[in-house]
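To start, the structure itself, in structure tokens.
Rule-based calculations on the coordinates, nothing more; no lab input. Just so it is clear, the model here is predicted, and its values are computed rather than measured. Here the Cβ positions follow ideal geometry from the backbone for every residue, glycine too, while neighbour counts run over all protein chains shown.
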Amino acid sequence: MKKTRILVVEDSLTVRRRLVEVLKADAELEVVGEAEDGKTAIELCQKLRPDVITLDMMLPIMSGLAATEYIMAYCPTPILIVSSSTNRGELFKTYEALAVGAVDVLEKPTGEEDDDHWERTLATAVKVVARIKVITHPRAKFGPRALPARPLSRSGTVDVVSKQRLIAIGASTGGPGAILEILRGLPPAFPLPILLVLHLGEPFANTFAEWLDGQSPMRADYARHGDPLPKVGEGKVVMAPPDRHLVLHEGRLLLTGGAERHSCRPSVDVLFESLAREMGAECAACLLTGMGKDGAEGLLAIRQSGGATFAQDEETSAVFGMPRAAIELGAAERVLPLHQIAPALIGLAGYSESRGRL
């Protein structure tokens, strides 16, 4: 059986030795190289062509983010971020790396683990990430995409001709980059509120909404229990916080600690099913790249209630698991490549070039 070939990138010798020891203990894995800085990581990636890279974010000479940008532009390779970064600035760099092509993120061992759970998690994550077909991200070649300017004010009213009053988006592995591309494709005055569920484990999920707020032309924040659903014209992104299901009930956003769904909390299915009950045909939902099948049944419930439903296509999905499950259920009214999803949402909101910007 062919082993999965791994390049381990970590500046701490102690941590790097532990990572290598854990990975070598698995008969299906082979560590083919080690690097202690981003520059060496790039050189070894080009020389060894590993199946997967485990990559720390805080590296000397060249940071993990800079290494990710270069690797995804010139020698695309599945990257699993293994990081202990918990402060705001370092977490933002992790989100940036995920947005430019890194596949997933795993917290470093703390040294206080009392069983082999972390070791099993690392080995499993490496195997999963190695199977993902990554694509070239040209950001390192051409520079970061310019952000649309956020308007200082939104005077006047928005004439919405669509029956939809709400957009819901669910995503998992590969989701940060996909979500960011969709939001950057929407006009700053996009009027429909967007409810968002993203599978991103703690502690990495704690400031994602804040990062997204700075990257997107729309305002973004975590949902707060009991808040009313934003009105049409107050277009903003409201995200499920870590470890809480987000549901809509009688016009209010509720956060619950209910049982996990498909091993997920927050769960896309939990949100989508509540929207099918509450909004019916006034809701549109989109299921993006991700592993597993969370969101498929909820997307079907929305379609059956008369809402518009979309799924990301296989070609542009980092992982086609969640969209595939929805398509096989007949839940997706339309299957679209990522770059066509924002225009489809704009169309639902009644925007057209002849009418001018919203």
(request) Tell me which residues come under 5 Å, amide H to amide H, from Asp313 once H is placed; ignore anything under 5 positions away on its chain. (result) Leu336, Leu338
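Do you know the relative contact order of the stretch 4-140, to the nearest whole percent, from alpha carbon pairs under 8 angstrom that are 6+ apart?
Details: 246 pairs, mean separation 34.1, N = 137.
Relative contact order of the stretch 4-140: 25 percent.
Would you mind calculating the relative contact order of the chain from Cα pairs under 8 angstrom and at least 6 residues apart, reporting the percent as a whole number?
Working: 793 pairs, mean separation 45.6, N = 358.
Relative contact order of the chain: 13 percent.
Averaging over every viewing direction, what projected area does the convex hull of the Cα atoms of the stretch 1-67 cover, in nm²?
Details: hull surface 16.3 nm².
Projected area, direction-averaged: 4.1 nm².
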(message) Is the C-alpha gyration tensor of the stretch 166-348 telling us rounded, prolate or oblate? Criteria: a/c under 1.5 is rounded; beyond that, a/b larger than b/c is prolate, otherwise oblate.
(response) rounded
(message) Quick check of the Kirkwood formula: for the stretch 4-140, what is the inverse mean of 1/r over all pairs of different Cα atoms, in Å?
(response) 14.6 Å
(message) Please return the longest range in the chain lying between exposed loop sites, taking trypsin sites (Lys or Arg not before Pro), DSSP loop only, at most 16 other beta-carbon atoms within 10 Å, and leaving the sites out.
(response) 4-130
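Mean separation of Cα pairs under 8 Å and 6+ residues apart, divided by the residue count of the stretch 166-348: what relative contact order is that in percent? Present the calculation step by step, with values, prior to reporting the outcome.
On the way: 451 pairs, mean separation 40.0, N = 183.
Relative CO of the stretch 166-348 lands at 22 percent.
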(request) Based on other C-beta atoms within 10 Å, arrange Phe272, Phe190 from fewest to most. (result) Phe190, Phe272
(request) Determine the gain in length on full extension of the stretch Asp221-Lys133; use 0.36 nm per residue of separation and subtract their C-alpha separation, reporting nm with one decimal. (result) 28.6 nm
(request) Whole Å is fine, so just give me how far the alpha carbon centre of the stretch 1-24 lies from that of the stretch 304-322. (result) 35 Å
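Show me the three semi-axes of the equivalent ellipsoid for the chain, from the C-alpha gyration tensor (sqrt of 5 times each eigenvalue), largest first, rounded to whole Å. It would help to have the intermediate numbers written out before the result.
Numbers: eigenvalues 262, 93, 68 Å².
Sorted largest first and rounded, they come to 36, 22, 18 Å.
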